Amino acid sequence: MSSLLQRLLAAQDKAEVLVQALPWIREFAGQTIVVKYGGNAMVNDELKQAFVHDIMFFHHVGLKPVVVHGGGPQINSMLKRLGIESEFRGGLRVTTPEAMEVVRMVLAGQVQRELVSLINQDAPYAVGMSGEDAGLLKGRKRYIDIDGQKVDLGQVGDVHEVNPASLHDLIDNGRIPVVSTIAMDIEGDGILNVNADTAAAAIASALGANKLLMLTDVEGLYLDWPNKDSLVSEINASELAELLPKLDAGMKPKMEAALHAIDAGVQAAHIIDGRMAHSMLLEIFTDAGVGTRVTKDEK
């Protein structure tokens, strides 16, 4: 086979992929999607580039992506580097004012800036925001119960309110918002570090997004972990709510966030294996799928 023919056949395969994606592109064009960026996709350079290419693809075929990110590994690394020891209560880190300054610096000054720069390498679309900006995120301090006692976790909170006006302004002007999950304390006591999964769900709900995509480091949701044959590609909200108490500590916040988004009107929430390059495109624009889709209950 000649090299010319090989190139033509390869080009034909690419054209066929685009044709197969057309129905999904047509369906989702003009829709807002919120993407929670995390896991291996956040620390592996090749996966970072693949993630950026997926976001740019969404943008250029008419979707309106909003990226929400945390930064647990980077925060841990910086705290260790600065010699700031962490206290844990009930398995959760207590965020002191000293640690909160590191959280803010890492999220808004490191993780966000890197992602904005990567997206803007090809075209200047991305704009970084903190949940502090324009009152985007407001939160309440989070407490946990240990042996019947109410325990203070410091500057850790849950999202109480989202003011999406600034996001709408950016989206309407063709920008891609990149949001760090720091919230203003609704009680007026400074700032709070909020979970990126729950923040992404709250933002998706406030924007009336069509989809919430959450990148993680597993294949999806298992009905009977660690039985890998129990991986499920789709589950409705009622089935997930029944399963929720049985989930482990790593997956439970993501599934709670998915349920919150669905209950608030988001059409579907996807838990996607972020260890696979271009996993978001495969999940959204092909029949293959690489994760678990949570849907509304059928009426």
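Results, tabulated for the structure shown:
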| quantity | calculated |
| --- | --- |
| Subset of the stretch 196-235 that is out of contact with any Leu (no Cβ under 9 Å at 6 or more places or on another chain), without any contact (Cβ under 8 Å) to a residue 40 or more places away in the chain and not in a loop (DSSP other than H, G, I, E, B) - its residue that is surrounded by the most Cβ atoms within 10 Å (Cβ to Cβ) | Lys228 |
| Number of positions in the stretch 69-113 that are closer than 19 Å to Asn44 by Cα, without any contact (Cβ under 8 Å) to a residue 24 or more places away in the chain and not small (Gly, Ala, Ser) | 2 |
| Residue list for the stretch 198-246, restricted to those being modelled with pLDDT under 95 and in contact with a Pro (Cβ under 6 Å, 6 or more places away or on another chain) | none |
| Selected residue (criterion: farthest from Asp45 (Cα to Cα)) from residues of the stretch 119-135 that are under 17 Å from the mean Cα position of the chain (by Cα) and in contact (Cβ under 8 Å) with a residue 60 or more places away in the chain | Gly131 |
| Every residue from the stretch 258-281 that is in contact (Cβ under 8 Å) with a residue 60 or more places away in the chain, aliphatic (A, V, I, L, M), under 26 Å from Val43 (Cα atoms) and in a loop (DSSP other than H, G, I, E, B) | Ala277 |
| Filtered residue count, the stretch 77-93, keeping only those that are at pLDDT below 90 and at negative phi | 7 |
| Within the stretch 69-94, considering residues that are polar (S, T, N, Q) and under 21 Å from Lys254 (Cα atoms), the one surrounded by the most Cβ atoms within 10 Å (Cβ to Cβ) | Gln74 |
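For every residue, the table says whether it meets (1) crowded, with 20+ Cβ neighbours inside 10 Å; (2) under 16 Å from the mean Cα position of the chain (by Cα).
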residue	(1), (2)
Ala237	no, no
Pro245	no, no
Lys252	no, yes
Ala257	yes, yes
Ala261	yes, yes
Gly265	no, no
Gly274	yes, yes
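The values are calculated or read from the model by the stated rules, or taken from the named source; none is laboratory data. This structure is a prediction, so every number in the text was calculated from the model and none was measured. Virtual Cβ from ideal backbone geometry, glycine too; neighbours counted across all protein chains shown.
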